[in-house]
Amino acid sequence: MTWNPIEDTVLVYETPDGAYATRRARLWEDPETRAYRCVLTEAPDDQGMSIVDAAADVADAVEKAWGAHCAVIEHHPARGADPERFDAVAVDRFGEATRSRLDPAALAAELPGLAA
């Protein structure tokens, strides 16, 4: 199944230390369930705490922007010897984050324009 791209913007979130961080946010919608996937890209020149280190605040910002049914995916572009990486980020009721590695090829097949 292919998800529909619906937005490419910047997400601003407040981090636990009271600072603000910005990340590129791309949103896709499942045409059948209307669920969302938000891919947040950590670029080398971005300011602020990383997505996973501020996961509870990121999840809150994503929920406020796109609703509770929006899955958060952390994206680290390839850099030097480090390959491109995508991780699903989940936050439990205590604000603790867990990450699950996603297959870039499978994700790209579902999310058109992900490579852009």
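The values are calculated or read from the model by the stated rules, or taken from the named source; none is laboratory data. Only a predicted model underlies this, so the values are computations on that prediction, with no experimental measurement involved. Positions of Cβ are generated from backbone atoms using ideal geometry, with glycine treated the same way; all protein chains shown enter the neighbour counts. When the accessible area is computed, the model is the full protein with side chains, heavy atoms only, and any ligands, DNA or RNA have been set aside. Shrake-Rupley method; radii C 1.70, N 1.55, O 1.52, S 1.80 Å.
Tabulated data for the structure shown
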item	result
Residue satisfying all of: in the stretch 20-64; assigned to a loop (DSSP other than H, G, I, E, B), in contact (Cβ under 8 Å) with a residue 24 or more places away in the chain and of a type in the set (D, E); surrounded by the fewest Cβ atoms within 10 Å (Cβ to Cβ) among these	E32
Selection within the stretch 34-91 - β-branched (V, I, T) and more than 21 Å from T2 (Cβ to Cβ)	I51, V52, V58, V62, V89, V91
The stretch 65-83, subset exposed (fewer than 14 other Cβ atoms within 10 Å of the Cβ) and charged (D, E, K, R), residue farthest from T98 (Cα to Cα)	R79
Filter result (open to solvent by less than 30 Å² (accessible area, probe 1.4 Å) and part of a strand (DSSP E or B)) within the stretch 89-107	V89
Count of residues meeting criterion [open to solvent by less than 40 Å² (accessible area, probe 1.4 Å) and of a type in the set (S, T, N, Q)] in the stretch 1-19	1
Scan of the stretch 65-75 for residues that are in contact (Cβ under 8 Å) with a residue 24 or more places away in the chain and more than 10 Å from the chain's Cα centre (by Cα), ordered by number	A65, W66, G67, H69
Those residues of the stretch 5-19 which are assigned to a loop (DSSP other than H, G, I, E, B) and either of a type outside the set (A, V, I, L, M, F, W, C) or in contact with a Phe, Trp or Tyr (Cβ under 8 Å, 6 or more places away or on another chain) (or both), in sequence order	T15, P16, D17, G18
Residue list for the stretch 76-99, restricted to those being of a type in the set (K, R) and in contact (Cβ under 8 Å) with a residue 40 or more places away in the chain	R99
